[in-house]
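Q: Encoded as C-alpha coordinates, here's the structure I'll be asking about.
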Amino acid sequence: MTTATTIGALTGDYVIDTAHTQIGFVARHAMITKVRGQFDEFEGGVHLDGDDPSSSSAQVTIRTTSIQSHNATRDEHLRGSEFLDVANHPTITFTSSDVERVGDTTFAVTGDLTIRGVTRPVTVDFELTGAETDPWGNFRVGFEGRTTINRKDWGVSWNAALESGGVLISEKVTLELDIAIVRQRGDR
(Lines give C-alpha, C1' and ligand atoms only; values in the text may rest on other atoms or scores of the structure.)
Protein backbone atom coordinates (compact mmCIF):
# COMPACT_ATOMS: atom_id res chain seq x y z
CA MET A 1 0.00 0.00 0.00
CA THR A 2 1.35 3.42 -0.82
CA THR A 3 2.30 5.58 2.14
CA ALA A 4 -0.22 8.21 1.03
CA THR A 5 -3.11 5.72 1.19
CA THR A 6 -4.87 5.21 4.51
CA ILE A 7 -7.47 2.59 5.33
CA GLY A 8 -10.12 5.35 5.34
CA ALA A 9 -9.20 6.29 1.76
CA LEU A 10 -10.25 2.81 0.60
CA THR A 11 -13.96 3.45 1.21
CA GLY A 12 -16.08 2.74 -1.86
CA ASP A 13 -17.81 0.16 -4.00
CA TYR A 14 -15.62 -2.25 -5.96
CA VAL A 15 -15.90 -5.11 -8.43
CA ILE A 16 -13.60 -8.10 -8.49
CA ASP A 17 -11.00 -7.84 -11.26
CA THR A 18 -11.31 -11.37 -12.60
CA ALA A 19 -8.20 -11.01 -14.78
CA HIS A 20 -6.02 -10.37 -11.73
CA THR A 21 -7.73 -12.52 -9.10
CA GLN A 22 -7.22 -16.18 -8.25
CA ILE A 23 -9.65 -18.30 -6.28
CA GLY A 24 -7.75 -21.47 -5.50
CA PHE A 25 -7.85 -24.58 -3.35
CA VAL A 26 -5.39 -27.12 -1.97
CA ALA A 27 -6.14 -30.68 -0.80
CA ARG A 28 -3.91 -33.59 0.13
CA HIS A 29 -3.83 -36.50 -2.32
CA ALA A 30 -2.99 -39.99 -1.02
CA MET A 31 -1.93 -38.18 2.16
CA ILE A 32 1.52 -37.57 0.65
CA THR A 33 1.24 -34.62 -1.70
CA LYS A 34 -0.87 -31.54 -2.29
CA VAL A 35 -3.10 -31.03 -5.31
CA ARG A 36 -3.82 -27.42 -6.23
CA GLY A 37 -6.57 -26.07 -8.38
CA GLN A 38 -8.60 -22.98 -9.08
CA PHE A 39 -11.85 -21.66 -10.44
CA ASP A 40 -11.52 -19.63 -13.63
CA GLU A 41 -15.01 -18.05 -13.82
CA PHE A 42 -16.40 -15.91 -11.03
CA GLU A 43 -17.77 -12.47 -10.30
CA GLY A 44 -18.42 -10.39 -7.26
CA GLY A 45 -18.47 -7.08 -5.53
CA VAL A 46 -17.11 -5.51 -2.38
CA HIS A 47 -18.14 -2.48 -0.37
CA LEU A 48 -15.22 -1.21 1.72
CA ASP A 49 -15.78 1.16 4.61
CA GLY A 50 -12.31 2.17 5.71
CA ASP A 51 -13.54 4.23 8.64
CA ASP A 52 -15.80 1.43 9.93
CA PRO A 53 -14.65 -1.93 8.51
CA SER A 54 -17.57 -3.68 10.22
CA SER A 55 -19.82 -1.91 7.68
CA SER A 56 -17.89 -3.48 4.78
CA SER A 57 -19.35 -6.37 2.79
CA ALA A 58 -18.50 -8.80 0.01
CA GLN A 59 -20.24 -11.27 -2.25
CA VAL A 60 -18.80 -13.73 -4.76
CA THR A 61 -20.37 -16.17 -7.21
CA ILE A 62 -18.16 -18.92 -8.65
CA ARG A 63 -19.13 -21.06 -11.65
CA THR A 64 -18.44 -24.64 -10.63
CA THR A 65 -17.86 -25.82 -14.20
CA SER A 66 -14.75 -23.64 -14.30
CA ILE A 67 -12.78 -25.79 -11.82
CA GLN A 68 -9.25 -26.51 -13.07
CA SER A 69 -6.63 -28.74 -11.45
CA HIS A 70 -4.48 -29.24 -14.57
CA ASN A 71 -5.70 -32.82 -15.03
CA ALA A 72 -8.71 -33.31 -17.32
CA THR A 73 -9.74 -36.66 -15.82
CA ARG A 74 -9.61 -35.31 -12.26
CA ASP A 75 -11.44 -32.12 -13.30
CA GLU A 76 -14.32 -34.15 -14.78
CA HIS A 77 -14.50 -36.19 -11.56
CA LEU A 78 -14.57 -32.98 -9.50
CA ARG A 79 -17.42 -31.66 -11.67
CA GLY A 80 -19.40 -34.89 -11.23
CA SER A 81 -22.01 -35.90 -8.65
CA GLU A 82 -19.44 -37.26 -6.17
CA PHE A 83 -17.91 -33.80 -5.73
CA LEU A 84 -19.34 -30.47 -6.97
CA ASP A 85 -22.29 -31.93 -8.91
CA VAL A 86 -22.20 -29.04 -11.37
CA ALA A 87 -25.29 -30.27 -13.24
CA ASN A 88 -27.40 -29.57 -10.16
CA HIS A 89 -25.25 -26.91 -8.47
CA PRO A 90 -23.80 -24.55 -11.09
CA THR A 91 -22.47 -22.03 -8.55
CA ILE A 92 -20.66 -21.68 -5.27
CA THR A 93 -21.51 -18.47 -3.42
CA PHE A 94 -20.09 -16.49 -0.53
CA THR A 95 -21.91 -13.58 1.11
CA SER A 96 -20.27 -11.83 4.03
CA SER A 97 -22.14 -11.19 7.26
CA ASP A 98 -19.38 -9.63 9.38
CA VAL A 99 -16.04 -7.91 8.84
CA GLU A 100 -13.68 -7.40 11.75
CA ARG A 101 -10.41 -5.50 11.64
CA VAL A 102 -7.92 -7.58 13.62
CA GLY A 103 -4.69 -5.69 12.85
CA ASP A 104 -3.37 -2.72 10.92
CA THR A 105 -3.89 -4.48 7.59
CA THR A 106 -5.60 -7.72 8.58
CA PHE A 107 -9.30 -8.56 8.64
CA ALA A 108 -11.52 -11.52 9.52
CA VAL A 109 -14.40 -11.78 7.06
CA THR A 110 -17.21 -14.10 8.16
CA GLY A 111 -20.03 -15.11 5.88
CA ASP A 112 -22.18 -17.82 4.37
CA LEU A 113 -20.46 -20.22 1.96
CA THR A 114 -22.84 -22.27 -0.17
CA ILE A 115 -21.54 -25.40 -1.91
CA ARG A 116 -23.86 -28.08 -3.38
CA GLY A 117 -26.85 -26.25 -1.93
CA VAL A 118 -25.50 -26.44 1.63
CA THR A 119 -24.86 -23.13 3.38
CA ARG A 120 -22.48 -22.92 6.32
CA PRO A 121 -20.62 -20.06 7.99
CA VAL A 122 -16.89 -19.62 7.39
CA THR A 123 -14.34 -17.02 8.41
CA VAL A 124 -11.62 -16.03 5.97
CA ASP A 125 -8.51 -14.25 7.23
CA PHE A 126 -7.48 -11.49 4.84
CA GLU A 127 -4.44 -9.27 4.59
CA LEU A 128 -4.54 -5.99 2.70
CA THR A 129 -1.62 -6.28 0.27
CA GLY A 130 -1.80 -2.90 -1.42
CA ALA A 131 -3.75 -0.08 -2.99
CA GLU A 132 -2.72 1.86 -6.07
CA THR A 133 -4.05 3.82 -9.01
CA ASP A 134 -3.10 2.10 -12.26
CA PRO A 135 -1.90 3.95 -15.41
CA TRP A 136 -5.51 4.09 -16.71
CA GLY A 137 -6.82 5.87 -13.61
CA ASN A 138 -8.44 2.84 -11.96
CA PHE A 139 -8.04 2.62 -8.19
CA ARG A 140 -7.16 -0.96 -7.25
CA VAL A 141 -6.93 -2.73 -3.90
CA GLY A 142 -5.42 -6.16 -3.24
CA PHE A 143 -6.11 -8.72 -0.54
CA GLU A 144 -4.80 -12.21 0.17
CA GLY A 145 -7.02 -14.58 2.09
CA ARG A 146 -7.02 -18.09 3.38
CA THR A 147 -9.26 -20.47 5.29
CA THR A 148 -9.52 -24.23 5.73
CA ILE A 149 -12.85 -26.04 5.48
CA ASN A 150 -13.95 -29.63 5.89
CA ARG A 151 -15.50 -30.58 2.55
CA LYS A 152 -17.78 -33.13 4.25
CA ASP A 153 -19.60 -30.22 5.95
CA TRP A 154 -20.92 -29.33 2.47
CA GLY A 155 -21.83 -32.89 1.46
CA VAL A 156 -18.64 -33.50 -0.53
CA SER A 157 -17.79 -36.83 1.06
CA TRP A 158 -16.53 -39.18 -1.68
CA ASN A 159 -13.25 -40.89 -0.87
CA ALA A 160 -11.34 -44.11 -1.42
CA ALA A 161 -9.43 -46.13 1.16
CA LEU A 162 -5.70 -46.67 0.77
CA GLU A 163 -3.87 -49.90 1.56
CA SER A 164 -2.11 -48.18 4.45
CA GLY A 165 -5.42 -47.31 6.10
CA GLY A 166 -5.45 -43.69 4.97
CA VAL A 167 -7.71 -42.11 2.40
CA LEU A 168 -7.15 -40.84 -1.12
CA ILE A 169 -8.31 -37.25 -0.54
CA SER A 170 -8.11 -35.18 2.62
CA GLU A 171 -11.31 -33.95 4.18
CA LYS A 172 -9.67 -30.59 4.83
CA VAL A 173 -9.41 -28.23 1.88
CA THR A 174 -7.58 -24.93 2.10
CA LEU A 175 -9.09 -22.07 0.13
CA GLU A 176 -6.48 -19.59 -1.09
CA LEU A 177 -7.64 -16.22 -2.37
CA ASP A 178 -5.59 -13.58 -4.13
CA ILE A 179 -8.12 -10.83 -4.76
CA ALA A 180 -7.83 -7.65 -6.83
CA ILE A 181 -10.75 -5.25 -6.72
CA VAL A 182 -11.35 -2.08 -8.74
CA ARG A 183 -13.25 0.90 -7.33
CA GLN A 184 -16.26 1.90 -9.39
CA ARG A 185 -15.89 5.25 -11.12
CA GLY A 186 -17.62 8.03 -9.26
CA ASP A 187 -16.94 6.47 -5.85
CA ARG A 188 -14.80 8.88 -3.88
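The values are calculated or read from the model by the stated rules, or taken from the named source; none is laboratory data. Since the model is a prediction, treat every value here as computed from it, not as a measurement. Methodologically, a virtual Cβ is constructed for each residue, glycine included, from the backbone with ideal geometry; neighbour enumeration extends over all protein chains shown. Areas reflect the complete protein model, heavy atoms only, side chains present, ligands, DNA and RNA absent. Shrake-Rupley method; radii C 1.70, N 1.55, O 1.52, S 1.80 Å.
Q: Give me a count of the residues in segment 7-43 that are modelled with pLDDT of 95 or more, among the small types (Gly, Ala, Ser) and either open to solvent by less than 40 Å² (accessible area, probe 1.4 Å) or under 14 Å from residue 69 (Cα atoms) (or both).
A: Number of matching residues: 2.
Q: Now for a different question. Among residues belonging to segment 77-87 that are more than 20 Å from the chain's Cα centre (by Cα) and over 19 Å from residue 153 (Cβ atoms), point out the one that is modelled with the lowest pLDDT.
A: Per the criteria, the residue is 77.
Q: Continuing with the same structure: What residue, of 63, 74, is at pLDDT 95 or above and closer than 23 Å to residue 152 by Cα?
A: 63
Q: Only one of 148, 114 is over 26 Å from residue 15 (Cβ atoms) and either assigned to a strand (DSSP E or B) or at pLDDT 95 or above (or both). Can you tell me which?
A: The conditions single out 148.
Q: Only residues that are among the hydrophobic types (A, V, I, L, M, F, W, C) and over 27 Å from residue 102 (Cα atoms): list them for segment 28-61, please.
A: 30, 31, 32, 35, 39, 42
Q: Next up: Quick check: is even one residue across segment 50-60 modelled with pLDDT of 95 or more, touching a helix residue (DSSP H, G or I) at 6+ places or on another chain (Cβ under 6 Å) and open to solvent by 80 Å² or more (accessible area, probe 1.4 Å)?
A: Checked against the condition, which is being modelled with pLDDT of 95 or more, touching a helix residue (DSSP H, G or I) at 6+ places or on another chain (Cβ under 6 Å) and open to solvent by 80 Å² or more (accessible area, probe 1.4 Å), segment 50-60 yields no hits at all.
Q: Tell me which of these residue 136 doesn't satisfy, since it passes every other one: (1) closer than 30 Å to residue 182 by Cβ; (2) at pLDDT below 95; (3) not in a loop (DSSP other than H, G, I, E, B).
A: It fails just one condition, (3).
Q: Ok, one more. Suppose we filter 74, 36 for residues that are in contact with a Gly (Cβ under 9 Å, 6 or more places away or on another chain) and either in a helix (DSSP H, G or I) or closer than 18 Å to residue 127 by Cβ (or both); which single one remains?
A: None of the other options fit; the residue is 74.
Q: Still on this structure, please answer the following. Before we move on, is residue 96 crowded, with 16+ Cβ neighbours inside 10 Å, out of contact with any helix residue (DSSP H, G or I) (no Cβ under 9 Å at 6 or more places or on another chain) and under 23 Å from residue 154 (Cα atoms)?
A: yes
Q: Based on what the data block shows, is residue 165 at pLDDT below 95, closer than 18 Å to residue 33 by Cα, open to solvent by 30 Å² or more (accessible area, probe 1.4 Å) and small (Gly, Ala, Ser)?
A: Against the criterion (at pLDDT below 95, closer than 18 Å to residue 33 by Cα, open to solvent by 30 Å² or more (accessible area, probe 1.4 Å) and small (Gly, Ala, Ser)), residue 165 qualifies.
Q: Separate question: Would you be able to tell me the number of residues in segment 69-90 that are in contact (Cβ under 8 Å) with a residue 24 or more places away in the chain and surrounded by fewer than 16 Cβ atoms within 10 Å (Cβ to Cβ)?
A: Residues in segment 69-90 being in contact (Cβ under 8 Å) with a residue 24 or more places away in the chain and surrounded by fewer than 16 Cβ atoms within 10 Å (Cβ to Cβ): 4 in total.
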